[in-house]
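In what follows, a single structure is set out as structure tokens and then discussed.
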Amino acid sequence: MRSRRPRSAAGRSPEGEAGVSSPALFAGIDLGGTKILVLIADASGHVLGSARVATLAGQGPEPVFGRIADAVREAAADAAVAVADVQVAGVSAPGPIDLEEGIITDPPNLPGWHNVPLARILHDRLGMRVYLENDANAAGVGEHQFGAGRGFRHMIYVTISTGIGGGIIIDNELYIGTSGAAGEVGHIGVAASGPTCGAGHVGCLEAFASGTAIAARAREAIAQGRMPRTARIAEHNPPLSAETVYLAAEQGEAEAAEIIAAAGRYLGIGLASLVNVFNPQAIVLGGGLTNMGDAIMGPAVETARTRSFAQSFMDVRIIEGELGDRAAALGALAVARIRDARRAS
Ligand SMILES: [Zn+2]
């Protein structure tokens with residue numbers, strides 16, 4: 001464990017670095033597959049202005065660069081500040097990412113993006129120093145710095161939506177691993193056989209407990225003539241998603257409720273692995289599936305309890321995030337602030 005912070009020369013806390021050589025204003029940019037969110041904020045995460053535009057990823061990278069730059073200008077105008085006064089920007093983007101070079105290498109949900117040097121491109125267009133971080137890590141840092149994870153030295157962030165991702169905070173630092181790829185909690189193995197994840201592994205948590213997995217189980221059942229209520233809701237309001245299954249469960253369809261509960265139990269296996277391996281103070285949960293509340297979290301927490309070391313489970317608080325869809329943009333901003341201060345020192 002001693003080698004886990006190879007790039008932190010001094011090991012100082014981010015708080016100790018802020019305000020000394022950092023500029024006062026930051027841009028946090030969340031580049032998603034469907035939308036781009038830009039926040040202008042001060043070092044304490046106080047948001048002064050924002051802008052939100054559609055990504056329109058299908059048009060390829062070049063028009064998206066322009067939309068990001070325009071959204072930054074719009075957010076600066078909303079904050080009543082000059083773009084030139086915002087000297088540092090953090091970008092939350094789908095992985096995998098070359099963190100050192102600021103390159104988006106091969107994101108599955110941004111078609112046509114291959115080895116895009118986004119940090120340099122945005123630097124050239126906006127004049128800011130730009131730092132990239134993968135989206136789940138960024139959201140984890142956001143919750144740790146400004147949200148539900150404040151005050152916890154050891155915190156794991158888990159986002160559960162169409163996929164499952166995470167961010168690991170150890171000793172108040174984001175743990176990124178050897179090549180920046182750590183924190184892939186959606187790829188914790190929970191079964192020796194069964195469905196494969198997006199990366200092609202067998203038995204990953206993501207293939208059992210994500211929104212995509214819940215929808216896939218429902219489609220299988222419907223193809224066999226079961227789950228008529230889920231089928232009816234999906235017919236009126238396509239496409240069939242985890243939300244559809246949840247609505248049917250709320251309306252009393254037992255098999256829909258069981259699919260969600262089963263996803264929750266697998267999630268609990270993943271959470272127990274995190275509790276047993278990291279002994280964290282908090283696990284902060286984000287992503288759309290947390291809106292299912294007890295239907296998924298009840299079985300998840302109960303399964304986590306039965307599979308965790310008793311003391312470790314007593315030590316951990318499993319809580320919902322506070323920042324919603326602003327977590328990644330705020331976290332990107334925080335990551336940029338920390339890296340920029342380190343580079344300057
Ligand atoms: Zn996997």
_Virtual spin-label span in nm between Gln251 and Ser44, 7 Å along Cα→Cβ_ = 4.8 nm
*Cα-based equivalent ellipsoid of the chain: semi-axis lengths in Å, sorted from largest, via gyration tensor*: 34, 24, 17
*Helix 211-223 versus the longest principal axis of the chain: what is the Cα-based angle in degrees, 0 to 90, to the nearest 10?*
30 degrees
*How large is ³J(HN,Hα), in whole Hz, for each residue of region 270-285 in order, when computed from phi with the Karplus curve 6.51 cos²θ - 1.76 cosθ + 1.60 and θ = phi - 60°, using x for Gly and Pro?*
x, 5, 4, 4, 5, 4, 6, 7, 10, 6, x, 7, 8, 10, 9, 9
*Gly268: net charge of surrounding residues, Cβ under 11 Å, Lys/Arg +1, Asp/Glu -1, itself excluded?*
+2
*Sum of side-chain charges, Asp135 neighbourhood, beta-carbon under 14 Å (Lys, Arg +1; Asp, Glu -1)*: -3
*Ordering of 157-164, 281-288, 177-184 by packing [mean C-beta count within 10 Å, highest first]*: 157-164, 281-288, 177-184
_Between 0 and 90 degrees, rounded to the nearest ten: what's the tilt of helix 61-78 against the longest Cα principal axis of the chain?_
70 degrees
*Only bridges with both residues in the chain count here: give the DSSP antiparallel percent, nearest 5.*
55 percent
*For the Cα atoms of the chain, what angle does the longest principal axis make with the long axis of helix 135-146, in degrees from 0 to 90, nearest 10?*
70 degrees
*If all Cα-Cα distances of region 196-302 are sorted into 5 Å bins from 0 onward, what percent lands in each bin, rounded to whole numbers?*
2, 13, 22, 23, 18, 12, 6, 3, 1, 0
*Using packing as a proxy for protection, rank 221-232, 206-217, 79-90 so that the peptide with the highest average count of other Cβ atoms within 10 Å comes first.*
206-217, 79-90, 221-232
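To the nearest 500 deg cm²/dmol, what mean residue ellipticity at 222 nm is calculated for the chain from DSSP H runs of n ≥ 4 alone, each contributing -39,500 (n - 2.57), summed and divided by the residues?
Working: 12 runs with 141 residues, N = 345.
Computed mean residue ellipticity for the chain: -12500 deg cm²/dmol.
Every number in this text was worked out from the coordinates using simple rules, so none of it is lab data. Quantities reported herein were computed from a predicted structural model and do not represent experimental measurements. Virtual Cβ from ideal backbone geometry, glycine too; neighbours counted across all protein chains shown.
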